[in-house]
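*Asks:* Encoded as structure tokens, here's the structure I'll be asking about.
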Amino acid sequence: MRHPSIRLLVIGLFGFLAALPLLAQAQSPYSPDEPEAGSVEAIAKAVTDPRFTNPWVAYVPGSETVTSPSKYLKHIAGAPGELSSVASIQGYFRELARTSPRVMVETIGKSDEGRDILLAIVSDEASIRGLAELKSAMAALADPRLTSPERAEEIIASSKPFYFLNAGLHSSESGSCEMVMELAYRLAVSDHPMVQNIRRNVVVLINPVSEPDGRDRFVEWFYRYLKGKTDYENLPPISPPYWGRYVFHDNNRDTHQAALETTRAVRKAYFEYHPVAIHDLHESIALLLTWNGTGPFNPNLEPIVISEMFDMSFAEVRSLTALGMPGVWTWAFGEGYGHHYMESVATNHNGIGRGYETFGNATAETVDREVGEWRPQGRPVTRQEWYRPLPPPNKFKWSLRDNVNYMQTGCLAALNFVALNSGDLLRDFYRKGYDSWQKGVTGKPLAFVIPEDQGDRRRVAQMIGLLLGQRIEVGRAAQPISVKEGKFPSGSFVVRLDQPYRNYALDLLAPQKFPKDTDAQPYDDISWAFPVHFGLSATPVEDAEIRKAQLEPVTAPVKVTGRVSGPGPVFLLKDTGQESLLAARARLGAFKVEIVERTFKVGASEFPAGSWILPPQDGLAVKLGEISSELGLDFMSAGTVPNVPRHESRLPRLGLWHPWADTQMIGWVRLVFDRQGIPYTIVRDDDIRAGGLSDRVDILIHGDTEEDVKGQVHGLDRKFSPLAYTKTAEFPSHGSPAASDDITGGIGWSGMVNLQRFVEDGGMLITLGNGSALPLDGGMVSRVRRARGEGGVWTPGVEVTASFLQPQHPIGYGYTGTTSVFRSSYPVYNVRRVDRGLIVLQWGSRPPRELRDEEGEGGKPSQEQEAKAPPLLVSGGIKGEEVLEGRPAILDIPAGKGRVLAYNFNPVYRELNHSDYRLLWNALLNWEAVRGRTNGRVP
Ligand SMILES: [Zn+2]
């Protein structure tokens, strides 16, 4: 039966006659659906303004056989004051699959805490039955080497695209998980002509909760602290201190390294289905921004994708604007150069990565909101522009259902576009793979060669593993390779670029060059090339001889095992920069390890400073056998302990400080420590306030943070005290990985005093990135100040040259005199000339500008030396080199009996900059030797 009129009902309920002209413009045909009883009224009641809804989403279609979200949840999706747990959402999708032949669910992964990550597949019955054929059709289009253009046309004519919607990646962006339940149901049961057309022509993939650990933490947080509160400006913190086990908002910066289970699950589904797009659902901007980028775009992208992104975005802007919904826009957000986000899994593999930012409240309550002063691209958000034809109002009431309506309508518009353009999108998908492959056939370079032995064979294997995980094909040379670019031994890895993911291979293997002639501010990092950030060489080869190299395909992760040669009783380990030395020290536990301070020789072998001596000990040979096989380290025997200056390396009692106000960057450090088996204890604000730190830890690491000094000291606002983050029967996901009866108040001034006491009593405080502002700007140490002109320094996530000023310092073990380091936007510090002895590592290789013209510090560099100085920038982009060069990158500052080691970068950044890890590991392995040094003032 046709229902009287959804439109009239909507309008009647609002009683807004003014809405009539808006709705009359709607292009959608009248829906033949019978609304579920009460749904029209419930939705209208939950919407705050008639402009925030439309006929597509103003009702829930009724069904006698298929369970709706309202029946399962006992309320409409997006009902005020209600949020669904992971169990509810996944339970609903399983129920939907049970009751509808148009829906299937499967598990695509497990979260870091072991919760399922689901994928729902929604289409018509024929597509669900024929899923295997549709998948193989897409796999055929994905590899143009196996599929001729003629064959591709046949496939396109008989197939249909997958479209992937990713919900719930950012846990406090709470609406998408609710929305996808209704969307999936609507797609499964509605007879609206548009929905029928979508069902016939598209297979919709939905990941309903991308980060299930964080979803449960957030939903419990809502019920614990936010429910019933509607004064938006005075809400308690809107998010729990943790989302995932390790990582917070940065779970959307993990595409290249794929360190997190959330990323791995989406990538697995991508390679299985090859959807034409991954569409990630976020919340932050009024009222719906459909993103693509302002430029500059990444030159490695196949150009078609840029047009595709704008085509789809403008289709959405047009559709929602036609439905009378204000505040839908595109373009002025992000730059389009970096593709390291969740949806980039598609962009980097010849698909389309796209996303929404809708206006989210985080809380499920309806609240008064203001758009505010934000001026993207220098224009107020409330102004009409070519990319924002109908701007949002400035002040309004906003509800969870408003958010669900915008997001759902946008998704329907996107799916409608895909249904209407399915042939073109499939052809473009094939074309992008074809063109990418052909660039590797006819363009330059032809390949990259990566030697196996570069000091740390395990790190090479890790990098090859990451490439394989991205389905980039890698071969291994059966014989030595000789090309114009050089000679490479057999066993070298070769990435030939005549493959469908050639563009991505190039993006991951060659340094980034962000355009200089743009004022565009990148949204995030502008450097990610693996060899740069792993400290490895990958030589681009243009010589066609490389095509003749016999290559064995590398099909499984490369296992590197080390060797223990000889019977002992003394064992030696040569330091060639291996990342696994810290893990090895941890495995050795109570065994005695000594680290040498000078180069020595045994026979023909030279052991640089940093190498290990393991004196005779019971059970040592067996233990080293285990370690060498697990960590790929080589141990050599010696008859006696070589006579060389050395110190004992005892494993410190290590504390990782988790400020309650910002757990993210230290979370990455914890991830690396957990995966490498490094023991540590979590130190909370509460513990620092309580004092007695030296009874618990020898070293405290204060990680990088977005908080300023004030935030680092005072943490979350005390006015919400006490704010417990504890595990209870009602809130079982809270209290992990750390718990507190009150997470407000930070360490406070008393905590600062305790930190100072800890250092003066002999403790070591290591501060990373912006965490260094605490001792340096906060006044714990006095000989460091901000560099003049530091505001002009611009290093937004780039690789920068750095060099060691104190060749004997243990932090430099395993490195040569000049290296490079990943640097984000941090303050730039300076010390007086007399204090340059505090600098272990400096930016660039030349003295700072004021010392360059003087004698001293090795004298004024000759013109030849100047010419030989390596450029400051290795990958990405840079401004303000003159100010940055010569300034401290690592400071080693004695304080009382202890030490502050202040890093002006983050050596453990998003599991990406492996070549920087040792700069931190060395401090941990040699902490007592560092503490005993007398470096400081230059006389
Ligand atoms: Zn987000």
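Bear in mind these aren't lab numbers, they're just calculated from the coordinates by the rules spelled out. In this text the structure is predicted, and so the values were computed from the model without any measurement. Virtual Cβ from ideal backbone geometry, glycine too; neighbours counted across all protein chains shown.
*Asks:* Calculate the length of the line joining the C-alpha centroid of segment 895-929 to that of segment 30-99, in whole Å.
*Replies:* 52 Å
*Asks:* Stretch Ser605-Asp368 to full length: gain in nm at 0.36 nm per residue minus the Cα-Cα span?
*Replies:* Details: separation 237, 0.36 × 237 = 85.32 nm, distance 7.20 nm.
Going from the current span to full extension adds 78.1 nm.
*Asks:* Projecting each Cα onto the charge dipole of segment 767-910 (Lys/Arg +1, Asp/Glu -1 at the beta carbon, about the Cα centre), which of Trp794, Tyr815, Tyr826 comes out farthest on the positive side?
*Replies:* Working it through, the farthest residue towards the positive pole turns out to be Tyr826.
*Asks:* Could you tell me which residue out of Ser733, Val57, Tyr917 lies farthest along the dipole of the chain toward its positive end? Charges go on the beta carbon: Lys and Arg +1, Asp and Glu -1, centred on the Cα centre.
*Replies:* Farthest towards the positive end: Tyr917.
*Asks:* In a solvent-free Debye calculation with one equal scatterer on each Cα, what is log10 I(q)/I(0) for segment 543-687 at q = 0.09, 0.16, 0.17, 0.21 Å⁻¹, listed in the order of the q values?
*Replies:* After summing over all Cα pairs, the log10 values are -0.41, -0.91, -0.97, -1.25.
*Asks:* Continuing with the same structure: Hydropathy at least -0.5 by Kyte-Doolittle, axial extent at least 27 angstrom from the Cα trace: which helices of the chain, defined as entire DSSP H runs, fit? Please list the in-between numbers first.
*Replies:* Working: long enough: 303-322 (29 Å, 0.72); 400-420 (30 Å, 0.56); 422-442 (30 Å, -1.10).
Helices passing the filter in the chain: 303-322, 400-420.
*Asks:* Compute the distance in nm between two label points, each set 7 Å from the Cα along the Cα-to-Cβ direction, one at Glu545 and one at Glu233.
*Replies:* With each label placed 7 Å out from Cα toward Cβ, I get 7.2 nm.
*Asks:* Say the dipole of segment 322-472 comes from +1 at the beta carbon of Lys and Arg and -1 at that of Asp and Glu; which of Gln438, Ala419, Leu400 then lies farthest toward its positive end?
*Replies:* Among Gln438, Ala419, Leu400, the one farthest towards the positive end of the dipole of segment 322-472 is Gln438.
*Asks:* Can you list residues whose amide H is under 5 Å from Gly877's amide H, if they're 5+ apart or on another chain and H is modeled 1.01 Å from N?
*Replies:* For Gly877, whose amide H was placed from the backbone, the distant partners under 5 Å are Phe514, Glu799.
*Asks:* Related question: State to the nearest 20 debye the size of the charge dipole of the chain about its Cα centre, where the only charges are +1 on K and R beta carbons and -1 on D and E beta carbons.
*Replies:* On the way: 101 positive and 111 negative charges, 224 e Å.
Using Cβ point charges on Lys, Arg, Asp and Glu, the chain gives about 1080 debye.
*Asks:* Further question on the same structure: With respect to the cross-link table entries Lys484/Lys879; Lys484/Lys513; Lys227/Lys268; Lys513/Lys868, which display a Cα-Cα separation exceeding 26 Å?
*Replies:* Values: Lys484/Lys879 35 Å; Lys484/Lys513 24 Å; Lys227/Lys268 36 Å; Lys513/Lys868 21 Å.
Violating the 26 Å Cα-Cα cut-off are Lys484/Lys879; Lys227/Lys268.
*Asks:* How many nm separate the modelled label positions at Lys727 and Lys444, each set 7 Å beyond the Cα in the direction of the Cβ?
*Replies:* The two pseudo-label positions are separated by 6.0 nm.
*Asks:* Right, next: So for each of 425-433, 830-838 I average, over its residues, the number of other beta carbons within 10 Å; can you give me the resulting order with the highest mean first? Before the final figure, lay out each step's value.
*Replies:* Numbers: 425-433: 23.6, 830-838: 17.8.
Descending packing order for the listed peptides: 425-433, 830-838.
*Asks:* D for segment 38-141, whole µm²/s, Stokes-Einstein with Kirkwood Rh over alpha-carbon pairs at 4 °C and 1.567 mPa s: what number?
*Replies:* Details: Rh = 16.1 Å.
D = 81 µm²/s.
*Asks:* Give the aspartates and glutamates reachable from Lys592 as a straight Cα distance under 13 Å; neighbours fewer than 8 places away on the same chain don't count.
*Replies:* Reachable aspartates and glutamates: Asp618, Glu648.
*Asks:* Now for a separate question. Identify all aspartates and glutamates with a Cα-Cα distance to Lys444 below 19 Å; exclude those on the same chain that are fewer than 8 residues away in sequence.
*Replies:* Straight-line reach from Lys444, under 19 Å: Glu302, Asp435, Glu473, Glu485, Asp498, Asp507, Glu542, Asp543, Glu545.
*Asks:* Okay, next question. Per 0.36 nm of contour for each residue apart, how much would the distance between Tyr223 and Gln479 grow if the chain were fully extended, relative to their Cα-Cα spacing? Provide the component values of the computation, followed by the final result.
*Replies:* Values: separation 256, 0.36 × 256 = 92.16 nm, distance 6.37 nm.
So the extension gain works out to 85.8 nm.
*Asks:* While we're looking at this one, here's another question. For the pairs Lys74/Lys727; Lys574/Lys623; Lys439/Lys548; Lys160/Lys432, note any where the Cα-Cα span goes beyond 21 Å. Please list the in-between numbers first.
*Replies:* Working: Lys74/Lys727 27 Å; Lys574/Lys623 17 Å; Lys439/Lys548 18 Å; Lys160/Lys432 17 Å.
As for pairs spanning more than 21 Å Cα to Cα, those are Lys74/Lys727.
*Asks:* Amide H of Ile682: which non-local residues (sequence gap of 5 or more, or other chain) have their own amide H closer than 5 Å, using H built in the peptide plane?
*Replies:* It is Leu656, by chain and number.
*Asks:* Given 10 °C and 1.306 mPa s, compute D for the chain with the Stokes-Einstein relation, Rh being the Kirkwood radius over Cα pairs; round to the nearest whole µm²/s. If you can, show how the numbers build up before the last one.
*Replies:* Numbers: Rh = 29.8 Å.
Rounded, D is 53 µm²/s.
*Asks:* Rounded if a/c is under 1.5, else prolate if a/b is larger than b/c, else oblate: which is segment 207-343, with a ≥ b ≥ c the root eigenvalues of its Cα gyration tensor? Working shown, then result.
*Replies:* Values: a/c = 2.11, a/b = 1.26, b/c = 1.67.
In terms of gyration-tensor shape, oblate.
*Asks:* For Ala869 and Leu468 in the same chain, what is the full-extension length gain: residue separation times 0.36 nm, less their Cα-Cα distance, in nm?
*Replies:* Details: separation 401, 0.36 × 401 = 144.36 nm, distance 3.56 nm.
Additional length available on full extension: 140.8 nm.
*Asks:* Still on this structure, please answer the following. Sorting check: for 898-907, 733-742, 819-828, which peptide has the highest mean count of neighbouring beta carbons within 10 Å, and how do the rest follow? Write down the numbers at each step before the final one.
*Replies:* Details: 898-907: 25.3, 733-742: 17.0, 819-828: 21.0.
Answer by packing, highest mean first, reads 898-907, 819-828, 733-742.
*Asks:* Can I ask one more? Any idea what the relative contact order of segment 168-251 is, in percent, if you count C-alpha pairs under 8 Å spaced at least 6 apart?
*Replies:* Working: 69 pairs, mean separation 31.0, N = 84.
Worked out over segment 168-251, it gives 37 percent.
*Asks:* Over the chain, what relative contact order in percent results from Cα pairs under 8 Å that are six or more residues apart? Mind dumping the intermediate values first?
*Replies:* Details: 2105 pairs, mean separation 95.2, N = 939.
Averaging sequence separation for qualifying contacts and normalising by length gives 10 percent for the chain.
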